[in-house]
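Read through the structure below, which is laid out as structure tokens, and then see the notes.
We did not get these values from a lab; they are worked out from the coordinates using the rules stated. This is a predicted model, so every value here is computed, not measured. All Cβ positions, glycine included, derive from the backbone under ideal geometry; neighbour counts span all protein chains shown.
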Amino acid sequence: MSKYKIQIVEINLEANPQTAQGIIFRGTEEVQFNAQVLMWAGTPRWKVVEEGGVAVAVEQSQFSQGERMAIARWLKTVAGNPALVGQSSQSGSGSSGGSSASSSKLKELEAQNEALQAQLTSMQALLQQLVEQGQEEKPKRSSKKK
């Protein structure tokens, strides 16, 4: 869940570059923003665009670095699941993969854990049997002296 409350109002994944409009909430103030996917360091990234439709340096931006990062993160999530358009980044719906995917993964991991616990118990019992057999079969030392 994001520290910032962000809502994507519209996202266009068909355009080149992809674009979006949204709102970031600062207490009771609602600040609108535009964003688009720009190539940055060789990879496409969501960037808040301001003056004349271009991304500006943090020092000239009306958004803090944290706000810009949170907006980009929420845009990436919404682009992966457009059903989140109109929902708040604080609604808890933005988990990557969704709750049903994480729930099924959790169940899978729990089943694997149970199987491993059973194997461990079985191996411990087998080891204990081997130790006991080894103690029973120890050769007796001869007391003959020459």
* For the range 6-23, 3J(HN,Hα) per residue [Karplus equation, 6.51 cos²θ - 1.76 cosθ + 1.60, θ = phi - 60°, Hz, x = Gly/Pro] -> 10, 10, 8, 8, 8, 9, 10, 8, 7, 6, 10, x, 5, 10, 7, 10, x, 9
* Quick one: net charge of Glu59's neighbours, Cβ under 15 Å, K/R +1, D/E -1? -> -2
* **Gain on full stretching of the segment that runs from Leu120 to Glu132 - 0.36 nm per residue minus C-alpha separation** => 2.5 nm
* Asked: Looking only at the range 1-35, which residues have a backbone nitrogen under 19 Å from a spot 7 Å from the Cα of Lys105 in the C-beta direction?
  -> 1-2
* Mean Cβ neighbour count within 10 Å, used as a protection proxy, ranking 24-33, 127-136, 68-77 highest first -> 68-77, 24-33, 127-136
* Surrounding net charge for Arg26, when Lys and Arg each add one and Asp and Glu each subtract one, Cβ distance under 12 Å -> -1
* To do: Pop the C-beta distance of Ala57 and Glu14 into the FRET formula with R0 = 35 Å and round what comes out to the nearest 0.05.
  => 0.75
